[in-house]
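Please find one structure pasted underneath; my questions will follow.
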Amino acid sequence: MRVDIPEDCDHCMKCVDCCIITQMDGYSIASELNELSGDGAWSCANCWRCMEVCPQGVDIFGFMMKRRRKEIIPELIRRGIDGIFRKGFWFGDSQFNEIRELFGLPVVRFLGREKVALLMADEGEGS
Ligand code: SF4
Ligand code: SF4
C-alpha cells in the first residue's frame, strides 16, 4: 500500500532515531516513512517522543492514526483487543501467569466476563 508521507517531512529521520520501538529493534515510524510494508503504524506506542523532536512540526500521531484506519488490524493486535474485552487485559491467560512466575509471583485467576463487561461499559450506556 502506498504511504502518504506528510508534505512537511524533510526526511531528517530524527523521529526514527528517537523512536522507542526502533530502539527495541522494531519498526514503527521508521517503516512507515520508508514505505515498507508491515505493521509499523500498529507498533507505535503513542509516546509522542517523535513529535517532540520533529523540526518540521509534522503531526506524526495524526499520520500514524490515518495509516491505522487504512489497514487491516494485525492478528496479534486483534487478539490483544479481544483479550481486553473478554478478560480485562492484553495477554493470554497462560502468558500472563508465565510472566508472573518469572518474578516469583503467585498465579492469579481472572475476572469473569460479566465483571469485565461492567468495567468496560460506557457510563452513558443505558442512560
Ligand atoms: S522528524 Fe519530522 S521531518 Fe524528520 S523524518 Fe521525522 S517526520 Fe520527517
Ligand atoms: S509515538 Fe510511536 S513512532 Fe513516535 S516515538 Fe513513540 S512509538 Fe515511536
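The values are calculated or read from the model by the stated rules, or taken from the named source; none is laboratory data. None of the values given here were measured: they were computed from a predicted structure. All Cβ positions, glycine included, derive from the backbone under ideal geometry; neighbour counts span all protein chains shown.
Contact list please: Cβ distance under 9 Å, first residue in the range 71-97 and part of a helix (DSSP H, G or I) and at pLDDT below 75, second residue aliphatic (A, V, I, L, M) and surrounded by 14 or more Cβ atoms within 10 Å (Cβ to Cβ), pairs at least six apart or on different chains.
Close Cβ pairs satisfying both conditions: LYS87/LEU111; LYS87/VAL116.
I'd like the full set of residues that are within 16 Å of ligand 1 (Cβ to nearest atom) and surrounded by fewer than 12 Cβ atoms within 10 Å (Cβ to Cβ), limited to the range 62-95. Give the derivation first.
Filtering the range 62-95 down to residues within 16 Å of ligand 1 (Cβ to nearest atom) leaves 62-67.
Within the range 62-95, just GLY62 meets the criteria.
Residue-wise test of (1) modelled with pLDDT under 75; (2) under 28 Å from LEU111 (Cα atoms); (3) touching a helix residue (DSSP H, G or I) at 6+ places or on another chain (Cβ under 9 Å); (4) not assigned by TED's automatic domain parsing to the domain that holds VAL108.
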position: ASP4; (1), (2), (3), (4): yes, no, yes, yes
position: ASP8; (1), (2), (3), (4): no, no, no, yes
position: GLY26; (1), (2), (3), (4): yes, no, yes, yes
position: ALA41; (1), (2), (3), (4): no, no, yes, yes
position: PRO55; (1), (2), (3), (4): no, no, yes, yes
position: VAL58; (1), (2), (3), (4): no, no, yes, yes
position: MET64; (1), (2), (3), (4): no, no, yes, yes
